[in-house]
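The values are calculated or read from the model by the stated rules, or taken from the named source; none is laboratory data. These figures come from a predicted structure and were not determined experimentally. Cβ placement follows ideal geometry from the backbone for every residue including glycine, while neighbour counts extend to all protein chains displayed. To get the accessible areas, we keep the full protein, side chains included, count just its heavy atoms, and leave off ligands, DNA and RNA. Shrake-Rupley method; radii C 1.70, N 1.55, O 1.52, S 1.80 Å.
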Amino acid sequence: MYDLRQITDLFEIRADFVQGYSYGSGHINDTYCIWVDQAGQRIRYILQRLAQNVFKQPIPLMKNVKRVTDHALEQLLKEGCPEARRRTLTLIPARDGKPYAQDEEGNVWRVYPFIERARTYDAIETPGQCVEAARAFGNFQKLTANLPGEPLFETIPDFHNTTKRLAALKEAIAADPLGRAGEVRREIDWYLAREEDCHVVTNYLASGELPLRCTHNDTKLNNVMLDDVTGEGICVIDLDTTMPGSAVYDFGDMVRTATSPAAEDEKDVSLVTCRMFMFEALVRGYLDSARSFITPLEKSLLPFSGKLLTMECGIRFLTDYLSGDVYFKIKRPEHNLDRCRTQMALVESIESLLPEMQKMVEQA
Ligand code: ADP
Ligand code: GN1
Ligand code: MG
């Protein structure tokens, strides 16, 4: 659809374009792997087109990403970290010096060096990976806590405001543009029955009992790269939603994406389950890096966070299904509905484990 050679040419890449193809399994941006020949050596880059239906203000967003990545690199270099440029994303400037380029249609593009000898996982394989992923996201919070200057721009307002997410679901039910509401009454009623849970964290934030931090806000397992050899959580990626948020959101989305053996879009929901040993591994890894700053209330909300973020994501999938699949990328007609159902199964599994999780966290 896009002329990847021409778009690559907009960036300060002193090499010959070889080939480019779609890459990864993100639900939002268009991601491409670009191979170039640099004086006889093949190297690759990640080229991304920002989804402008999701990110309405891509320029301030890119300013956020530039600030965060520059700050991360500075800290890593100051600490004398080996391979600092494998441990943070680095924006390749466009020919005009900006950290992004715009094509004739107004699309915003960016390029990162491809982080080699590491990969992301759509499904977790071992508890060790949970420890590493959680430690990496905790370190990311620590690293961005002393970001100089004004707070980051809110790239998607009220991104994790679950109260507003539920209100949006209710609006979609009322509008029902595709006449789908009737066939998903069971799912609708299931989410509406959990309305009270939606307000817990928003209320704590409003009262000031929970602090606003600089958080990643999209800590899904495939947004952290694990080293192929050591397994270390080497680099946190997908920084589009890094902005003010709660530690509860970041931990919750790890529980959502890293405790179940089943894929987010698994059709057989009997395979979806929260595994206690994976939860324990997440707590261990996260507290390893977050112990120094996390408050007692944040810590006590770690078990509930998994339930909340899974529910929130399910609400978003159902809202998108009712609205005609306008937000998340889908590969089949009922994709968002399947995703909404796996989230329900995972919430039920987490609900049954909450007392055990609470005990485990208190002892950690
Ligand atoms: P989306 O917002 O659509 O989820 P991501 O930024 O997460 O997009 O990128 C999609 C996938 O591309 C990631 O899950 C990861 O596998 C891969 N990816 C992104 N950036 C890099 C990078 N710098 N090096 C290697 N792989 C990357
Ligand atoms: C999207 O971009 P990606 O695929 O990492 C979404 C997250 C959802 C997730 C569900 C900006 O994440 O909020 O939790 O899908 N990102 C955005 O899989 O909406
Ligand atoms: Mg992603």
- Message: Please verify whether M254 is within 15 Å of ligand 3 (Cβ to nearest atom), among the aliphatic types (A, V, I, L, M), closer than 23 Å to V54 by Cα and buried (at least 23 other Cβ atoms within 10 Å of the Cβ), treating the condition exactly as stated.
- Response: yes
- Take F279 and decide whether it is within 19 Å of S352 (Cα to Cα), touching a residue at least 12 places away in the same chain (Cβ under 8 Å) and more than 16 Å from the chain's Cα centre (by Cα). yes
- Query: Just checking, how many residues over the stretch 147-166 are away from ligand 2 (no atom under 16 Å from the Cβ) and surrounded by fewer than 14 Cβ atoms within 10 Å (Cβ to Cβ)?
  - Reply: 4
- Message: Return the residues of the stretch 321-335 that are touching a residue at least 40 places away in the same chain (Cβ under 8 Å), surrounded by fewer than 23 Cβ atoms within 10 Å (Cβ to Cβ) and either assigned to a helix (DSSP H, G or I) or of a type in the set (D, E) (or both); say none if nothing qualifies.
- Response: S323, H335
- Note on the structure: Taking the stretch 51-92 and the residues there that are assigned to a helix (DSSP H, G or I) and of a type in the set (G, A, S), the one that is farthest from the chain's Cα centre (by Cα) would be A84
- Query: So which of I34, I46, I7, I13 is aliphatic (A, V, I, L, M), part of a loop (DSSP other than H, G, I, E, B), at pLDDT 95 or above and buried (at least 18 other Cβ atoms within 10 Å of the Cβ)?
  - Reply: I13
- Item | From the options G20, G26, residue that is within 13 Å of ligand 2 (Cβ to nearest atom) and either crowded, with 17+ Cβ neighbours inside 10 Å or among the hydroxyl-bearing types (S, T, Y) (or both) | G26
- Query: Looking only at the stretch 259-317, which residues are open to solvent by 20 Å² or more (accessible area, probe 1.4 Å), of a type in the set (A, V, I, L, M, F, W, C) and within 16 Å of ligand 1 (Cβ to nearest atom)?
  - Reply: A263
- Among the residues of the stretch 205-217, count how many are in contact with a helix residue (DSSP H, G or I) (Cβ under 7 Å, 6 or more places away or on another chain) and surrounded by 14 or more Cβ atoms within 10 Å (Cβ to Cβ). 6
